[in-house]
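Here's the structure we're looking at; comments come further down.
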Amino acid sequence: MIRLEGLHGQTVIVGSGIAGLVAALEMAPQPVVLITRAGLGQECSSAWAQGGIAAALEADDSPAQHLADTLRAGDGLCDETVASGILSEAQEAIALLESYGVRFDRTADGVFSLGREAAHSHRRILHVGGDRTGSSITSTLTRAVPQCPSITCLTDINAQRLVTTDGHITGIQLQKNDYAEVLRTAQVIIATGGCGGLYDASTNPSGNFGQGVMMAARAGAALRDMEFMQFHPTALDTPQTPMALVSEAVRGEGAILIDQTGRRFMAQVPGAELAPRDVVARAVHQIISRGGRAFLDARATIGSDFAQNFPGIHALCAISGVDPARDPIPIRPVAHYHMGGIATDKDGRSTLHGLWAIGECAATGLHGANRLASNSLLETVVMGRRAARDVAGRGMRTLPTAPKSDLLPDNDLGPVRPVVSKYLGVVRNEMGLRCAISKLLPLVETYGRGSDPALVALAIAVFANLRCESRGGHYRSDFPDPSSQSQSYLMTLTEILAHAGSARQDPLLRTA
């Protein structure tokens with residue numbers, strides 16, 4: 001049973017990672033309903049973020065330099081205006097988090113202790129508890145939410161579909177166990193995280209297959225840049241699922257990448273270990289695809305200080321019998337962060353009236369083709385606050401009577417993960433992408449247990465098939481060079497299905 005009495009007509013926020021929590025808190029005193037499929041702050045990527053939050057705070061740094069690094073990493077597809085606006089609000093975002101009780105690491109002199117990560121020209125990464133930034137921020141915000149009387153939390157509930165009338169949001173279908181009901185609302189903020197769970201190897205919660213993207217697409221909202229998945233180059237290479245991340249901050253403190261022979265294979269690459277993530281991920285992938293192994297070696301540069309500087313990573317390594325002070329850490333690239341998602345403007349508004357999207361499920365234009373490290377946590381805070389203010393300034397529309405809701409089957413990623421992992425990984429090609437489309441489209445059309453995750457995977461495959469070049473997180477072995485003319489793609493589900501249908505007709509697939 002889902003008790004919705006007295007909640008109809010309130011703004012709904014789906015997701016309780018940092019983006020959703022900030023939006024809910026910043027909506028006060030306007031009443032909101034915060035919906036999460038688990039407990040507050042649980043099963044979200046925010047809580048697992050080891051890195052930090054990027055902000056240009058040093059005297060010799062500036063938002064302009066931060067922007068230049070972001071545009072360079074984004075490989076030509078960032079929206080410069082949007083990116084500039086978000087990065088210029090970094091200092092305000094830090095102050096906002098501190099107002100809710102977040103305590104960033106500081107030096108003995110009381111100033112912020114700033115780290116450096118790949119593709120950043122300055123030390124501008126703030127941390128909390130060393131490598132526990134995401135979990136510390138999330139836990140602080142989850143303690144603040146129950147103290148805010150304007151927020152009603154509905155936990156252990158799945159949001160399944162957006163309800164629309166004449167192109168406007170009029171409700172959201174919720175489901176718990178064997179019960180489904182529509183909560184009537186004209187304002188929904190989607191903050192459901194990424195889709196790394198579509199892959200066999202990912203640092204994301206295994207259930208995160210892009211639920212928010214799926215709901216938005218089915219309701220008619222446009223998607224952007226779905227082909228761009230960032231593969232983190234240094235996940236701990238163990239059978240653990242999801243895979244544990246070895247933060248980029250370890251390389252920022254001097255750790256190097258070596259192969260099984262001890263050769264430092266990034267030494268001659270511009271930026272070396274701190275080159276953009278797509279470059280490092282492909283280099284690691286190449287070592288492994290040739291039958292070798294890759295390791296992160298922190299013995300000489302960090303050594304006995306590793307446990308103190310990176311307590312969370314040290315504990316994860318210890319579970320596998322690895323002591324980073326004495327042993328190279330075995331690593332491999334895995335799906336980590338999705339740069340694409342629901343297309344939004346600078347305030348988080350989607351192309352569908354009454355729908356906003358924030359955090360990893362949204363494509364604001366900040367990240368372009370390749371996210372600059374630690375910009376994502378900054379984006380969650382800035383966009384969470386922006387969306388909250390934009391929604392709060394609007395009145396709730398008159399709502400029709402809620403339609404009857406049909407119980408939907410539980411999602412099954414079993415048929416989808418092998419296809420995504422084989423064809424939509426670090427290296428892609430036309431035949432593989434068309435094979436993926438031919439296998440995923442029937443799953444979408446069945447409307448069975450695999451239909452929803454297959455829809456998100458199909459969107460990635462279609463966007464990737466259309467991009468006949470290599471750029472950022474999208475690498476095509478058949479088109480290894482970037483195009484001289486490139487742009488972001490924007491498509492609705494109708495357009496995605498049309499492209500998929502055409503690709504499936506390729507006669508070469510009949511023998512594939």
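Overview of results
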| read-out | value |
| --- | --- |
| Test: residue in the stretch 28-38 that is closer than 26 Å to N208 by Cβ and without any contact (Cβ under 8 Å) to a residue 60 or more places away in the chain | no |
| Some residue of the stretch 170-177 being touching an Asp or Glu at 6+ places or on another chain (Cβ under 7 Å), buried (at least 20 other Cβ atoms within 10 Å of the Cβ) and over 26 Å from H232 (Cβ atoms) | yes |
| Any hit, the stretch 345-367, residues being farther than 30 Å from A24 by Cα and crowded, with 18+ Cβ neighbours inside 10 Å | no |
| Residue match in the stretch 101-112 (condition: modelled with pLDDT under 95 and closer than 30 Å to A221 by Cβ) | no |
| Qualifying position, being over 20 Å from R218 (Cβ atoms), touching a residue at least 40 places away in the same chain (Cβ under 8 Å) and either among the aliphatic types (A, V, I, L, M) or assigned by TED's automatic domain parsing to the domain that holds D79 (or both), among L497, L424, L490, L407 | L424 |
| Among the residues listed as T185, T192, the single one being among the β-branched types (V, I, T), over 25 Å from the mean Cα position of the chain (by Cα) and closer than 30 Å to D225 by Cα | T185 |
| Test result for G129, surrounded by fewer than 21 Cβ atoms within 10 Å (Cβ to Cβ), part of a loop (DSSP other than H, G, I, E, B), out of contact with any Gly (no Cβ under 9 Å at 6 or more places or on another chain) and not assigned by TED's automatic domain parsing to the domain that holds Q308 | no |
| Residue ranges of strands (runs of 3 or more DSSP E) in the stretch 173-285 with at least 3 members touching a Leu at 6+ places or on another chain (Cβ under 7 Å) and either not hydroxyl-bearing (S, T, Y) or not assigned by TED's automatic domain parsing to the domain that holds G321 (or both) | 179-184, 229-236 |
| Within the stretch 80-99, tally of residues that are surrounded by fewer than 17 Cβ atoms within 10 Å (Cβ to Cβ) and more than 28 Å from D278 (Cβ to Cβ) | 5 |
| Verdict on G291 being within 26 Å of H122 (Cβ to Cβ), more than 24 Å from the chain's Cα centre (by Cα), modelled with pLDDT of 95 or more and not aliphatic (A, V, I, L, M) | no |
| Qualifying position, being of a type in the set (S, T, N, Q), surrounded by fewer than 24 Cβ atoms within 10 Å (Cβ to Cβ) and either part of a loop (DSSP other than H, G, I, E, B) or at pLDDT below 95 (or both), among Q30, Q65 | Q30 |
| Residue in the stretch 237-244 that is touching a Ser or Thr at 6+ places or on another chain (Cβ under 6 Å), buried (at least 23 other Cβ atoms within 10 Å of the Cβ), over 27 Å from T351 (Cβ atoms) and not aromatic (F, W, Y) present | yes |
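The values are calculated or read from the model by the stated rules, or taken from the named source; none is laboratory data. No experiment lies behind these values; they were computed from the predicted model shown. Glycine also receives a Cβ, built like all others from the backbone with ideal geometry; neighbour counts cover every protein chain displayed.
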